1. Round to the nearest 10 and give me the degree value, 0 to 90, for the angle of helix 88-98's Cα axis relative to the longest principal axis of the chain.
2. When the convex hull of the C-alpha atoms of the stretch 173-218 is computed, what volume per residue in Å³ does it have?
3. Counting DSSP beta bridges with both partners in the stretch 14-237, what percentage is antiparallel, nearest 5?
4. Where does each of 106, 25, 94 land when they are ranked from fewest to most other beta-carbon atoms within 10 angstrom?
5. Per DSSP H run of n ≥ 4, the term is -39500 (n - 2.57); total these for the chain, divide by its residue number, and report the mean residue ellipticity at 222 nm rounded to 500 deg cm²/dmol.
6. Identify which of 186, 20, 226 has the largest mean-square fluctuation in a Gaussian network model of the chain, with springs joining Cα atoms closer than 10 Å.
7. Provide the convex hull volume over Cα atoms per residue for the chain, in Å³.
8. Could you give the distance between the Cα centres of the stretch 43-80 and the stretch 148-206, to the whole Å?
């Protein structure tokens, strides 16, 4: 697969390891093979982009890595914990303590301010950062007391990122985080994700069908028809501010 050079470490530690992951959805009349024998490693502190068209298996894999779904066959490890052997209670604890999720749609509570939306997570986390600190990291220090209706789409997505990182997760899993945004706003959101990866060292995986975003990554994992088509290591990464589409 190729091991990225991250922070000068020639042998980065593995965060996720999958072996032979398959996922089959049985709709009754037909079986849909969402994943077909995926072997993948993601590394500590890595910024990985999972690239491919809709239906190629990216979101299914991300949901399995995040403990939201289980594969039909194969094994998944988070560090030394085998997620595919974990109980529901163990998976709940894993999601709560280790994983931050960012989705295409922001899922903010309309009646709560930006700060209060972030505090929904900090109230249940083990050692959370202050909600204001999380919002500052994503560039919203001046918007903490604004409600979602008073924020732009890009600002709402950055609140969602702040909410995801406020519990200090080991990994940040982003599913089409710029999919509902225009290019200019999307770049601002990507800068926030980029900063989280660089400053907090959070292992970051971003799903997208937008090939331009791949230039930001340490590694680009391209999917097609439920399988990994190729893996590319970027020798030189492009900062988010230079991304255009």
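1. 50 degrees
2. In the stretch 173-218, the Cα convex hull volume per residue is 68 Å³.
3. Rounded to the nearest five, the antiparallel share is 55 percent.
4. With the sparsest Cβ surroundings first, the list reads 25, 94, 106.
5. The helix-only estimate for the chain comes to -8000 deg cm²/dmol at 222 nm.
6. Maximum among the listed residues: 20.
7. Measuring per residue, one finds 133 Å³ for the Cα hull of the chain.
8. 18 Å
Laboratory data are not the source of any read-out in this text; all were calculated from the coordinates shown. Model, not experiment: these values are computed from the prediction. When we count neighbours, we look across all protein chains shown, and the Cβ atoms used for this are built from the backbone with ideal geometry, even at glycine.
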